[in-house]
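First up is the structure itself, then whatever we jot down about it.
The values are calculated or read from the model by the stated rules, or taken from the named source; none is laboratory data. Just so we're clear, the structure is a prediction, and the values are computed from it rather than from any experiment. We place every Cβ from the backbone using ideal geometry, glycine too, and count neighbours over all the protein chains shown. When the accessible area is computed, the model is the full protein with side chains, heavy atoms only, and any ligands, DNA or RNA have been set aside. Shrake-Rupley method; radii C 1.70, N 1.55, O 1.52, S 1.80 Å.
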Amino acid sequence: MTCCSKSICNGCNYANKIREYEGKRHPKCPFCRKSSPSTVEACDKMIMKRIEANDPVAMRYKGKELCKKGEYGSAFEYFKKAAGLGDVEAQFQVADLYRNGLGVEKDRGREIHHLEEAAIGGHPYARYNLGCHEWHNDNKERAVKHWIISANLGDDASIKALMNAFREGCISKDDLAAALHAACKSVRYCGIKCQKDHRRQHKKDCKKRAAELRDELLFKQPESSHHGDCPICCLPLQLDPKKSTFMTCCSKVICKGCDHANQIREIEGKLKFKCPFCCCSKVVCYGCDCVNQIREWKESLQHRCPFCREPIPSTEKECEKLKLKRIEVNDPVAMRHKGGEKYNEGKMACYNMSNISCCASCGIAEVDDVKLKECATCDLVRYCSDACLKEHKSQHKEDCKKRVAELHDEILFKQPESTNRGDCPICMIPLQLDPKQSTIKQCCSKVICNGCYCANKIREVEASLKSSYPNSMTSCCSKVICKGCDLANEKQKMEESQSQILCPFCRHPVPPTDEGIDLNTMKRIEANDPVAMRHVGTRCYHEGDYDSAFEYFTKASGLGEADAHYQLSTMYRDGFVEESKKKELYHLEEAAIAGHPRARCNLAVLDCENGRTMRAVKHFMIAAKLGHDLSLENLKNLYLRGAVTKEDLATAIRAHQAAVDAMKTDTSSCCASCGIAEVDDIKLSECADCDLAKYCSDACQKEHKSQHEEACKKRAAELRDEILFRQPESSHLGDCPICCLPLPLDLKKSVMQACCSKAALMLMGCGR
C-alpha cells in the first residue's frame, strides 16, 4: 500500500475491497486506514514521502520500479540505502545486481557479503544461493546446512537441492526427512482459490505427510488402556471385564475390590458391636476389636506354640532344656538348629579374632589389664605378647605378606588430589608440572608460579629497581610462587614508593646479592626446610657434585619432599651412586604416592617392561589425571593395542584437560599484552573483531597484534558462522501485521502499503 509502505497478502486486500464495495466507501488502507491514492502520480508522491522519512521498504519498492524501467544505477542507490537501514530484501537485490553487473561492476565478494546478510535476516532465496555457491566451491557440508535452513522456511528449490545431495551421500536420511517434514508443515494458503491452484503440486506430498501423521497417532503409546482407572481407588482397571462392576446409577465402572469393600461396609453397617474400651455402644472396626482380643490374651494366657499348643518357655535356659530333650528323642530339626548355633559361635570367634579383639595365638581377649599389640606390618591380627607373636609367625607369614602388598597398592594407586608441586601460595592456582614455569623463594622456601614472578619483575622495572633475584629462588622463606603474584608484589612496592623488595609471601626483605641469598638458604636448611635442601641438592647435581646432591636429596626425602625422592630414583638409575633397582623403585613409589606425575609415569614404564600392563595402565591414568602429557600419550598408544577401554581413555582425556585448565590463570579479566588485571580504575576493552582478548590501552593492543592476529581471524570466522547458520524464526518477510500469519515467499501474493510501509499476508476476512 503506497500510503504506509506495508505489504499485505492478497486475501486481506480482497477483503478490504469487498468491504469497501459493500459499504460504497472511498478505498482506504486496511492497515493505517488512510485514503488510498486513486492515481499513479499520487502513489508516487506518497512513496517519495515515505522515502524522505527513511522508510527502507519504500526505498526498496522504488528500486524495483526503477529496475523494471532499466535504470539500474538509480535502483542500486535505493537498494543500498534500504540495505543500510536493515531491509533484508534490499540486501538480496544488491547481491543480485553485483552478480549480474547491472548498474555496478561485478564483485563476487560483495555479492557473498550481501547474500550472507540477507540469509541471516531470514531470506530463504539468499540462503539457497549461498548453498549453491558453497556447493560449487566443494564446501558441501556448509551448502547442506544452508539448504536445510531455507527448506525449513518453505523453499522448494532447497528441497530439490537436498534430494540431490542425498543421492550423492552428502546428507543423512534422517536429516532429509526432517527437512521434508518442516517444509510440508510450512505450506499455507491465503485463500481457498490459492489452495485449489496449488492442489496438484501438493497432492503427493500431502498424502505422504498425512500417512505419516496418521502413523504417529496410530503407534503412539497410550498412557493407559481404554478401561481407564477405577474412579474410587484410582488403580488401572483390569482388561478382563469380569473383574470390574458397572454401576447403573452413574454409569461408572469400578474394580471388584472397591465393590467388595462397599458390600462389606454395607453389611457392617447393619451390625452393632460394643466398644472394647468404653462400652458405649459405638460401632468399631475389626482392627480395634482384634487389638482388644490380643491384649486380653497376652494379659490372661500363657504364650503357647501355634502348632502344638504347648506353653513356650520364657527363659533361654528353659529353651536349651527343651532343645536337648528333642535331641535325645532324635529330632533332626533340633539337631540342625543346635549345630547351626555351634557353627555360628565358631565363626564368630574366628571373626572376632580377625577383627583383632583377641590374641591371634592364644585367643585371650582384650579386657581389663590385657593389652594387645598389632602386627608391625599388617592390620589383620593382634598379639598379647612377643612369645605369642613368634609362635604364630609361621601361620601368619603368608597372609601378612599378602595384606602388606594390598595395603601398599591401596596407597600407591590412590588418586592424589593434586600434584606434588601443590598450588601457588599467593594466587592459589595449581603450579604447572614444568619447573621452569615457577620460581622458588629462598626466604621462605615457597614455589610461586611464573605469572606471579613476572608480575614482580614488571614492578621492579616500573619502580626502576635493581632486580633482587639473580637466581631462580629467593632465600627468605623458600616458597615457590607464580610469576604473576611476584609481579603484583613488585607493583605494590612501586605504588608505595618502597625501594626495598619484599618476598611476596612472607614479606621478608630479599637480599640484593648472591651471598645474602646463599646465607638465607643455609638458614632454611638449618631449620630443616626440605624445599631448600632439595633446591641446593639440585644445584649441586647440575654442578657435578653428586655426593653433596645425594646427601641433600636424602635429607629432604626423609622430611617428605616428593621431588627429592624422584631425584634419588634417577641417581640410583643412572649410576651416580651405587645402582640399586630396589631403591630406585622404592623412591619412585614414594614420589608417586606424594603426587609426582613423572615418577608415576616412570613406574608405569617399568611395569610395562615387566609385563604388568594393568598396573601400568593404572599408573598412566593417575598421572594423566594430574595433567601429565606423556602419560596421556602412552594411554593412547595402549588403547591402540587394546589394553585400555574407550571409556577409560575418554575419562582420562577429560580429567587431563580439566587439570591443565586448572593450572591456567583466568585471562578473561586481564590485559592480553601486559597482564594487568581489571581492578579499581583500570578498565579493559575487548578486541574489536573477537571476544578472546582484552586490552588496557591501544598501545598494548598494537603490541599484541602480531601474536593475536591468527587466533582473532579464526574466532571472528567462528562467530560469523554462528550467526550465519542460526535457524531464523521466520522468513525475512515476517508476518502479516493484520492477521499475523507468515507472509508467503511469492511476492505476488502480498501487497505493499505505501502509507505505512507494511508488508502483510492477509487471509480472506483480515481487515474487517
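Pairs under 6 Å by beta carbon, first residue within 18 Å of residue 116 (Cβ to Cβ) and free of Cβ contacts under 8 Å to residues at least 24 places away in the same chain in the stretch 702-728, partner aromatic (Phe, Trp, Tyr) and outside any helix (DSSP H, G or I), six or more apart or different chains?
none
Restricting attention to the stretch 398-432, which residues are part of a loop (DSSP other than H, G, I, E, B) and among the charged types (D, E, K, R)?
Correct list: 414, 417, 421.
What residue, of 89, 77, is free of Cβ contacts under 8 Å to residues at least 24 places away in the same chain and assigned to a helix (DSSP H, G or I)? Spell out how you get there, then give the answer.
Values: 89 fails: free of Cβ contacts under 8 Å to residues at least 24 places away in the same chain.
Unique residue meeting the criteria: 77.
Every residue, every condition in (1) surrounded by fewer than 17 Cβ atoms within 10 Å (Cβ to Cβ); (2) without any contact (Cβ under 8 Å) to a residue 24 or more places away in the chain; (3) at positive phi, yes or no:
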| position | (1), (2), (3) |
| --- | --- |
| 121 | no, no, no |
| 125 | no, no, no |
| 128 | no, no, no |
| 134 | no, yes, no |
| 154 | no, no, yes |
| 158 | no, no, no |
| 165 | no, no, no |
| 172 | yes, yes, no |
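Taking the stretch 568-589 on its own, how many of its residues are open to solvent by less than 20 Å² (accessible area, probe 1.4 Å) and part of a loop (DSSP other than H, G, I, E, B)?
The qualifying residues number 0.
Taking the conditions exactly as written (part of a loop (DSSP other than H, G, I, E, B) and surrounded by 23 or more Cβ atoms within 10 Å (Cβ to Cβ)), does residue 537 satisfy them or not?
No; evaluated as a whole, the condition is false for this residue.
Given the conditions (1) open to solvent by 30 Å² or more (accessible area, probe 1.4 Å); (2) more than 18 Å from residue 578 (Cα to Cα), report the number of the one that residue 532 does not fulfil.
Going through (1) open to solvent by 30 Å² or more (accessible area, probe 1.4 Å); (2) more than 18 Å from residue 578 (Cα to Cα) one by one, residue 532 breaks only (1).
Select from the stretch 174-205 the residues that are surrounded by 14 or more Cβ atoms within 10 Å (Cβ to Cβ), modelled with pLDDT under 65 and assigned to a helix (DSSP H, G or I) and list them in ascending order.
Once the filter is applied, which keeps residues that are surrounded by 14 or more Cβ atoms within 10 Å (Cβ to Cβ), modelled with pLDDT under 65 and assigned to a helix (DSSP H, G or I), the stretch 174-205 yields 183, 184, 194.
Applying the selection to the stretch 541-567, what residues are over 17 Å from residue 586 (Cβ atoms) and either among the small types (Gly, Ala, Ser) or surrounded by 18 or more Cβ atoms within 10 Å (Cβ to Cβ) (or both)?
541, 544, 548, 549, 552, listed by residue number.
Answer yes or no as to whether residue 626 is in contact (Cβ under 8 Å) with a residue 24 or more places away in the chain, within 17 Å of residue 411 (Cα to Cα), open to solvent by less than 30 Å² (accessible area, probe 1.4 Å) and of a type in the set (A, V, I, L, M).
Here the answer is yes, as residue 626 does meet what is asked.
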